[in-house]
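The values are calculated or read from the model by the stated rules, or taken from the named source; none is laboratory data. In this text the structure is predicted, and so the values were computed from the model without any measurement. Virtual Cβ from ideal backbone geometry, glycine too; neighbours counted across all protein chains shown.
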Amino acid sequence: MFKTLISTVVIGAVAICAHAATRPNNFHVERSTDVNAPPEKIFALINDLHKWNDWTPYDKDPAMKKTYSGNASGKGAAYAWSGNREVGEGEIAITESSPSSRIAFDLHMIKPFEAHDHVVFALDAKGDTTTVNWIMEGRQPFLAKVMSVFVSMDKMVGKDFETGLARLKALAEK
């Protein structure tokens, strides 16, 4: 009985690892929304990291410690945080800032898991509406591939992006 149980656990673990090995080496999460506001207004809310407090879905810990550095906004602006298990610890820095069209970031997560990802907000004006795309891409090491067998990164992060975009939209449309 004990040997059967051990064999089943080992076979299950091998099957999970084999399946994880077939997963992509990179991940891509993207969500978008249409905002009834000019791109300049939306851009200002994203390009200044101090304004993120008004719309980000990641401000889940009221005791979170925040540190701003570099430029006040735009390329070179940076933000570091440390908080509870929900927000973890990390830093984000603006690496590209093209007025009213694109802002790119380097995201370095320290806790709960080490990760280096690339984040982009792309704004596309169409008449009185601006489409805002929030994109995150990064490497998916083997442990993340194993986790992805059970938890979808797209669903987990995508849900946060949808919340953040809805808040950004409401703020920009005021």
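Take Ser101 and decide whether it is within 21 Å of Asp34 (Cα to Cα), hydroxyl-bearing (Ser, Thr, Tyr) and in contact (Cβ under 8 Å) with a residue 60 or more places away in the chain.
Numbers: within 21 Å of Asp34 (Cα to Cα): yes; hydroxyl-bearing (Ser, Thr, Tyr): yes; in contact (Cβ under 8 Å) with a residue 60 or more places away in the chain: yes.
So Ser101 fits the description; yes.
Where residues in the stretch 101-140 are of a type in the set (S, T, N, Q) and at pLDDT 95 or above, which of them is farthest from the chain's Cα centre (by Cα)?
Residues of the stretch 101-140 that are of a type in the set (S, T, N, Q), as a first pass: 101, 129-131, 133, 140.
When the remaining residues are screened for being at pLDDT 95 or above, the result is 101, 129-131, 133.
Details: Ser101: 19, Thr129: 24, Thr130: 21, Thr131: 18, Asn133: 12 Å.
Looking at residues that are of a type in the set (S, T, N, Q) and at pLDDT 95 or above, I get Thr129.
When the stretch 67-91 is examined, which residues are found to be modelled with pLDDT under 95 and farther than 17 Å from Ala44 by Cα?
Residues satisfying the conditions are Gly83, Asn84, Arg85, Glu86, Val87, Gly88.
Residues of the stretch 62-76 being under 13 Å from Gly90 (Cβ atoms) and in a loop (DSSP other than H, G, I, E, B), which ones?
Residues of the stretch 62-76 under 13 Å from Gly90 (Cβ atoms): 64-67.
Hit for the stretch 62-76 is Met64, nothing else.
Ile46 is checked against (1) more than 19 Å from Val157 (Cβ to Cβ); (2) at pLDDT 95 or above and fails just one. What number does that condition carry?
So Ile46 meets the others, but not (1).
I'd like to check something: does the stretch 133-153 contain any residue that is buried (at least 16 other Cβ atoms within 10 Å of the Cβ), in a helix (DSSP H, G or I), out of contact with any strand residue (DSSP E or B) (no Cβ under 6 Å at 6 or more places or on another chain) and hydroxyl-bearing (Ser, Thr, Tyr)?
Within the stretch 133-153, one or more residues are buried (at least 16 other Cβ atoms within 10 Å of the Cβ), in a helix (DSSP H, G or I), out of contact with any strand residue (DSSP E or B) (no Cβ under 6 Å at 6 or more places or on another chain) and hydroxyl-bearing (Ser, Thr, Tyr).
So that you can scan it fast, the table gives a plain yes or no per residue for (1) touching a helix residue (DSSP H, G or I) at 6+ places or on another chain (Cβ under 9 Å); (2) free of Cβ contacts under 8 Å to residues at least 60 places away in the same chain; (3) more than 28 Å from Ser152 (Cα to Cα); (4) among the basic types (Lys, Arg):
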position	(1), (2), (3), (4)
Arg23	yes, no, no, yes
Phe27	yes, no, no, no
Thr56	yes, no, no, no
Lys65	no, yes, yes, yes
Gly76	no, yes, yes, no
Gly88	no, yes, no, no
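Table: residues versus (1) exposed (fewer than 15 other Cβ atoms within 10 Å of the Cβ); (2) in a strand (DSSP E or B); (3) of a type in the set (D, E, K, R).
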| site | (1), (2), (3) |
| --- | --- |
| Arg31 | no, yes, yes |
| Ala78 | no, yes, no |
| Ser100 | no, no, no |
| Ile103 | no, yes, no |
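Look through the stretch 107-151, keep the residues that are polar (S, T, N, Q) and touching a helix residue (DSSP H, G or I) at 6+ places or on another chain (Cβ under 8 Å), and return whichever of them is nearest to Glu96 (Cα to Cα). Lay out the reasoning, then the answer.
In the first step, residues of the stretch 107-151 are kept if they are polar (S, T, N, Q); the result is 129-131, 133, 140, 148.
Now narrow it down to the ones that are touching a helix residue (DSSP H, G or I) at 6+ places or on another chain (Cβ under 8 Å): 130, 140, 148.
Details: Thr130: 20, Gln140: 23, Ser148: 30 Å.
Going through the qualifying residues, I end up with Thr130.
Would you check if Thr67 is of a type in the set (Ser, Thr, Tyr), loosely packed, with under 15 Cβ neighbours inside 10 Å, within 26 Å of Ala144 (Cβ to Cβ) and over 16 Å from the mean Cα position of the chain (by Cα)? Give the steps one after another, and end with the answer.
Details: of a type in the set (Ser, Thr, Tyr): yes; loosely packed, with under 15 Cβ neighbours inside 10 Å: yes; within 26 Å of Ala144 (Cβ to Cβ): no; over 16 Å from the mean Cα position of the chain (by Cα): yes.
Spelling it out, it is not the case that Thr67 is of a type in the set (Ser, Thr, Tyr), loosely packed, with under 15 Cβ neighbours inside 10 Å, within 26 Å of Ala144 (Cβ to Cβ) and over 16 Å from the mean Cα position of the chain (by Cα).
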